[in-house]
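Worksheet for the structure shown next.
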2 protein chains.
Amino acid sequence: MAKHNAAPAACEPYPRPLCTVDVIILTLLDATLQVLLVQREDAPGEPFPGRWALPGGIVDTQHDRSLEDCARRKLLDKTGVVAPHLEQIGSWGDAVRDPRGWSTTHVYLALLPAATLHPRRGGNAADLRWFPLEPPAGGPALPPLAFDHARLLGAGLARLRGKAEYTSLPIYLLPQTFTLSELQAVFQVVLGRSLEKKAFRTRILASGLVEELDEMKETSRRPARLYRRKTDEGLHYFPRALESHGGSVGPS
Amino acid sequence: MAKHNAAPAACEPYPRPLCTVDVIILTLLDATLQVLLVQREDAPGEPFPGRWALPGGIVDTQHDRSLEDCARRKLLDKTGVVAPHLEQIGSWGDAVRDPRGWSTTHVYLALLPAATLHPRRGGNAADLRWFPLEPPAGGPALPPLAFDHARLLGAGLARLRGKAEYTSLPIYLLPQTFTLSELQAVFQVVLGRSLEKKAFRTRILASGLVEELDEMKETSRRPARLYRRKTDEGLHYFPRALESHGGSVGPS
DNA sequence: TCAATAGTGTCTCTCAGACACTATCAA
DNA sequence: TTGATAGTGTCTGAGAGACACTATTGA
């Protein structure tokens, strides 16, 4: 074991870059996409003190069994929950993105329902906060982010929005039980445009993604049927994209 | 510069993992998808001596400006050409995939036309060879690969095949000029099934991806119109996937 | 009764699949 | 002429968009 993590061998003339993982944790709060950010420590030697950043950090080769394991750990650490969706977005590595030198980051996207968050661990500590991605008029804008995290967040959002055009991905922003109107609202928030109700419902019901429950959601108006996301179904690829992608411009 | 690549700081109690890049270089030769592999050195301390592996290796933090830059360098090094398509597939990192210890690899997929390869640098050295992915009956099968490269190659192929269902990706396996029959053949090889001629041609021509040339390709039969891939068009997302994905099973 | 939200009926349009048909070359 | 490959005409069907319609609740 000690041998495994020995210093670079003679055949390895280059210094190893710093290896980190960052997690884009998204949820839906107040009918808005929100991202969980942490405020960086104000300690000597720490880059970007006081700045907001994606949760993440250096891979712990003693305890993390893999990159994905590291991402899961950081997610659990910040939210206290296991996200129903976690995927790798990509990796970025160069000499300038971290002032400490050549570094790599492995970026993951986690989607989770806001309802599952504990009030305390769900991101309400002083150094941990949810930020709306499209702040209401006059509301708080996203702060400047540490490192190249704005770019990483952009890539994660592009992935989510791109996949929302032809997969069921945004379903993971909801609890397992929901109404079709709620699901449509989630897609609309992610895509930033409204969708046609009948077409949307047909699309979802034909997909076999959800099962009808006997219960209804009681609201102030007409009650709505509840559906449950089938756990054994993975991400669904619809046979068609939702709308023209404006020609040849596709998702990332 | 020297400071940037200094040893891990005190705030970094974990040994840094080995950082590598591997490139899946695919082309179409003899109407078959082929992957370029290198035979590993038989030197002391080198893992998997004599085994075939994806081209790649340790990131050179002195010369590689970024991970992608490193992939481009390795590609140029092995093939002598700049591939018309290079994308990141993903990253894998854990303690066991490399016997030397905790390591990460950043996997890229390169697609290129066989015609552009120089006969010498195109992969004909003793330790560099093209291997057909679906060998003709009785032909040479893919050898066992070093490290977890079989898994990495599988992920690259899944990406190519998945995207072939709803994007123009396989077009990069051809030279810039081709006939529609040739293009259809490429898609068929990638997808492993035959496609309907009329639908395929309509799909391509409606996409605006190609422009008609005045020239014809003279063959032994009726000459075929030549088309040229427009360089300013990127990857095209078709409005529909080619066929049912067998329910909810989608591309990676 | 009305306002609001849930949910349906039905037409149109686009585009992939099927498949038979014509066109153009060499031998 | 035939064989082979290039390329077209045209019908079908799935599924997204549009939009008007009905249904069910609280106030």
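Readers should treat all values here as calculations from the given coordinates under stated rules, not as data from a laboratory. What you see is a predicted model, and the numbers here were worked out from it, not measured in a lab. Here the Cβ positions follow ideal geometry from the backbone for every residue, glycine too, while neighbour counts run over all protein chains shown.
Here is a yes/no grid of residues against (1) under 17 Å from the mean Cα position of the chain (by Cα); (2) part of a strand (DSSP E or B):
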residue: A:L37; (1), (2): yes, yes
residue: A:G45; (1), (2): no, no
residue: A:G50; (1), (2): no, no
residue: A:Q62; (1), (2): no, no
residue: A:A71; (1), (2): yes, no
residue: A:D77; (1), (2): yes, no
residue: A:V81; (1), (2): yes, no
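If you go through segment B:156-201 and keep only what is surrounded by fewer than 17 Cβ atoms within 10 Å (Cβ to Cβ) and among the small types (G, A, S), you end up with B:A158, B:S181, B:G192, B:S194, B:A199. The single residue among B:E243, B:E196 that is more than 10 Å from chain A (Cβ to nearest Cβ) and within 15 Å of DNA strand D (Cβ to nearest atom) turns out to be B:E196. Selection over segment B:190-225 of residues that are touching a helix residue (DSSP H, G or I) at 6+ places or on another chain (Cβ under 9 Å) and of a type in the set (K, R) gives a count of 4. Can you pull out every residue in segment B:83-96 that is under 23 Å from B:A158 (Cβ atoms), within 9 Å of chain A (Cβ to nearest Cβ) and either touching a His at 6+ places or on another chain (Cβ under 9 Å) or in a loop (DSSP other than H, G, I, E, B) (or both)? Within segment B:83-96, B:Q88, B:G90, B:S91, B:W92, B:G93, B:V96 qualify.
Applying the criterion of being in contact with a helix residue (DSSP H, G or I) (Cβ under 9 Å, 6 or more places away or on another chain) and within 14 Å of DNA strand C (Cβ to nearest atom) to the residues of segment B:170-182, the residue that is farthest from the other protein chains (Cβ to nearest Cβ) is B:S181. Looking only at residues in segment A:58-82 that are more than 13 Å from chain B (Cβ to nearest Cβ) and in contact with a Pro (Cβ under 6 Å, 6 or more places away or on another chain), the one that is nearest to A:Q34 (Cα to Cα) is A:K78. Taking segment A:202-225 as the range and being closer than 14 Å to A:I171 by Cβ and surrounded by 12 or more Cβ atoms within 10 Å (Cβ to Cβ) as the test, the residues that pass are A:R203, A:I204, A:L205, A:S207, A:G208, A:L209, A:V210.
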